[in-house]
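For reference, the structure discussed in these notes is given below.
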Amino acid sequence: MQSTQPKYQIAKRLVRVLAVLFLVSGGACFFIAIRSFATPLSERVGIGDFHYFFFAIPLLFLGAILAMASSLGSITRFFLSSQRETLKDAFELKRDAMQYHLQEIAPIQKDTINYMVSGTRDSVRDVVSAISEGIRGEGTLMCPSCQARSQSSARFCHSCGEKM
C-alpha cells in the first residue's frame, strides 16, 4: 500500500514525537532531582536522587533542539507569508542603522582608537625593550666568585667586593 504522505512529513512527525518524549522524560528527571534536592538532609539516606540532574539537562536540551528543528519551517513560512511588508520595513531600518553607523559613529571610534594607540605606544615600546634586555642579559654582569648580578659598568661586585 502506497503512503500518501511525503517522506519528510513522516520524518517531521517522528522528530516531533521524539521531541515530546525527550522533553517529558527530561522534565520528569528534573522534577525528581529538584524534589530530592529540596528534601531536608535528615530525611535522606545517601545522596538521594540528585544524580537525575545529569540525565535531565541533556534530555531537556535534546528535546528543545528537536522541537525547534521540527517547527522551524512552519514558523518561517508563517512570518514570511503574513508579515512580508513588515520584514521589508525591518530590512530598510537595518540598512538605515548601518548607514548611520558608518557615517556618524565609525569616525569617532577610529579617532578614539588612534588616540589610545598613540598614548600607549611609548609605554609598549618601553616594556618590549625591557623584556628584550632581560632576555639578552644586557646591562648586568655576573660576579665570578659569588654569582651575584651587577651593572655592566661596575668594576667591582656590589655584594662581595671582588673585581669583575
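The values are calculated or read from the model by the stated rules, or taken from the named source; none is laboratory data. Here the structure is a predicted model, which means the values were calculated and not measured. Please note: Cβ atoms are built from the backbone with ideal geometry, for glycine as well, and neighbour counts cover all protein chains shown.
Please pick out the residue among Ser145, Ser129, Ser123, Ser153 that is at pLDDT 80 or above, of a type in the set (Gly, Ala, Ser) and either more than 47 Å from the chain's Cα centre (by Cα) or assigned to a strand (DSSP E or B) (or both). Working first, answer last.
Working: Ser129 fails: either more than 47 Å from the chain's Cα centre (by Cα) or assigned to a strand (DSSP E or B) (or both); Ser123 fails: either more than 47 Å from the chain's Cα centre (by Cα) or assigned to a strand (DSSP E or B) (or both); Ser153 fails: at pLDDT 80 or above.
So the residue among Ser145, Ser129, Ser123, Ser153 that is at pLDDT 80 or above, of a type in the set (Gly, Ala, Ser) and either more than 47 Å from the chain's Cα centre (by Cα) or assigned to a strand (DSSP E or B) (or both) is Ser145.
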Exercise. Do we have any residue at all in the range 97-110 that's modelled with pLDDT under 80, surrounded by 11 or more Cβ atoms within 10 Å (Cβ to Cβ) and in a loop (DSSP other than H, G, I, E, B)?
Worked result: no
